[in-house]
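Quick notes on the structure that follows.
The values are calculated or read from the model by the stated rules, or taken from the named source; none is laboratory data. Just so you know, these numbers come straight off a predicted model, no measurement behind them. Heads up, the Cβs are rebuilt from the backbone with ideal geometry, glycines too, and the neighbour counts pull from every protein chain shown. In case anyone asks, the SASA skips ligands and DNA or RNA and just uses the protein heavy atoms, side chains included. Shrake-Rupley method; radii C 1.70, N 1.55, O 1.52, S 1.80 Å.
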Amino acid sequence: GAVVSQHPSRVICKSGTSVKIECRSLDFQATTMFWYRQFPKQSLMLMATSNEGSKATYEQGVEKDKFLINHASLTLSTLTVTSAHPEDSSFYICSASPGTGGYEQYFGPGTRLTVT
Amino acid sequence: AQSVTQPDIHITVSEGASLELRCNYSYGATPYLFWYVQSPGQGLQLLLKYFSGDTLVQGIKGFEAEFKRSQSSFNLRKPSVHWSDAAEYFCAVGPDNTDKLIFGTGTRLQVFP
């Protein structure tokens, strides 16, 4: 099956620094990638949708200057949390879609971000 | 606005017992409905989906779900639970003409031997 990886799986950073999370589709080309945020005991909340080679589309309430998304190739998207603060601590999950329709998305294992 | 509700935060069952996880949605038209399972250290895995047609859909790992329009529900069932089914289960809805998914808050399933 289609595999999506995320790196790192866990990261701790100091407040005010930036951290980059990578999302890779390992065995297929992803025309669209999605970034989600998951709070403890809560749902996955879509942050943004990115298409290869174009700017990401952010959901309402998500600061695009804080959460920079780059989808530079058909197999790689990155999420950079800039000037991180403790409230940015969360579980970030990406998914990748091969663009074949039918809401087909393959999810990465997630990245646990802790900002101290 | 579309929404998904999973009323049960945590369910505990004995191995071999039957299982039903509830999911209710709020959406004007017939939505696209999904069930995903999330195990620690792994990405969400699609169990099954409903787009149209037969309202009883079969999925992987012995799961099935039934779409009931009158109740706005899409409950997940399994006749006999295995210890390996312990995980977090998410119901999701896909609004028409988008590729976005709206997730419920999840139900954590615990299985006792």
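If you take every DSSP beta bridge whose two residues both sit in chain B, what share of them, in percent to the nearest 5, is antiparallel?
85
At 1.4 Å probe size, with no ligands or nucleic acids counted, give the accessible surface of A:Ser9 in Å², nearest ten.
Here the accessible area works out near 80 Å².
Of all the accessible heavy-atom surface of chain B, with the other protein chains kept in place and a 1.4 Å probe, what percent is carbon and sulfur?
Summing carbon and sulfur atoms, their accessible area is 48 percent of the total for chain B.
Provide, for q = 0.09, 0.10 Å⁻¹, the log10 of I(q)/I(0) from a solvent-free Debye sum over equal Cα point scatterers in the protein assembly as shown.
Listed by q, the Debye log ratios stand at -0.37, -0.46.
Determine the shielding of peptide B:31-41 by partner chains: average, over its residues, the number of Cβ atoms on other chains within 10 angstrom of each Cβ.
2
Once ligands and nucleic acids are excluded and a 1.4 Å probe is used, how much of B:Ile102 is accessible, expressed in Å² to the nearest 10?
50
Build a GNM of chain A with springs between Cα atoms under 10 Å: which of A:Pro98, A:Pro40, A:Pro86 gets the top mean-square fluctuation?
A:Pro40
Jot down the per residue volume, in cubic angstrom and as a whole number, of the convex hull over the alpha-carbon atoms of chain B.
98
Could you work out which residue, out of B:Lys49, B:Lys78, B:Lys68, moves most in a Gaussian network model of chain B, that is, has the largest mean-square fluctuation with Cα springs under 10 Å?
Result: B:Lys68 has the largest fluctuation of those listed.
At 1.4 Å probe size, what's the solvent-accessible area of B:Asp99? Round to the nearest 10 Å².
For B:Asp99, the solvent-accessible surface is approximately 70 Å².
Per residue, what volume in Å³ does the convex hull of the Cα atoms of chain A enclose?
With only Cα atoms used, chain A gives 100 Å³ per residue.
Give me the summed buried accessible area for the B-A pair, 1.4 Å probe, to the nearest 100 Å².
1500
Would you look at the GNM of chain B, springs on alpha carbons closer than 10 Å, and say which of B:Ala29, B:Ala65, B:Ala92 moves the most?
The residue that fluctuates most here is B:Ala29.
When every alpha-carbon pair in segment A:55-116 is counted, what percent end up more than 13 Å apart?
Across segment A:55-116, Cα pairs with separations above 13 Å total 70 percent.
Could you look at chain A and say what percent of its accessible area is carbon and sulfur, using a 1.4 Å probe and all protein chains?
51
Using the crude model of +1 on Lys and Arg Cβ and -1 on Asp and Glu Cβ, and no other charge, please compute the dipole size for chain B relative to its Cα centre, in debye to 20.
100
Which of the trypsin sites (Lys or Arg not before Pro) across segment A:1-67 are loop residues per DSSP, with 16 or fewer other Cβ within 10 Å?
A:Lys14, A:Lys41, A:Lys55, A:Lys64, A:Lys66
Using square roots of five times the C-alpha gyration tensor eigenvalues, list the equivalent-ellipsoid semi-axes of segment B:39-91 in whole Å, biggest first.
After scaling each eigenvalue by five and taking roots: 22, 12, 10 Å.
With both bridge residues required to lie in the protein assembly as shown, what share of the DSSP beta bridges run antiparallel, to the nearest 5%?
Here the antiparallel bridges make up roughly 90 percent for the protein assembly as shown.
Need one value for A:96-103: mean number of C-beta atoms belonging to other chains within 10 Å of its residues' C-beta atoms.
Mean shielding count: 3.
Rounded if a/c is under 1.5, else prolate if a/b is larger than b/c, else oblate: which is segment A:24-81, with a ≥ b ≥ c the root eigenvalues of its Cα gyration tensor?
It is oblate, given that a/c is not under 1.5 and a/b is not larger than b/c.
Antiparallel as a % of all DSSP beta bridges within chain A, to the nearest 5?
90
Using a 1.4 Å probe, what is the accessible area per residue for segment B:1-67, in Å²?
49
Would you be so kind as to list the residues of segment B:99-113 that have their accessible area lowered by at least 40 Å² in the full protein complex compared with their chain by itself (1.4 Å probe)?
Listed by number, the residues meeting the 40 Å² cut-off are B:Asp99, B:Lys100, B:Leu101, B:Phe103, B:Thr105.
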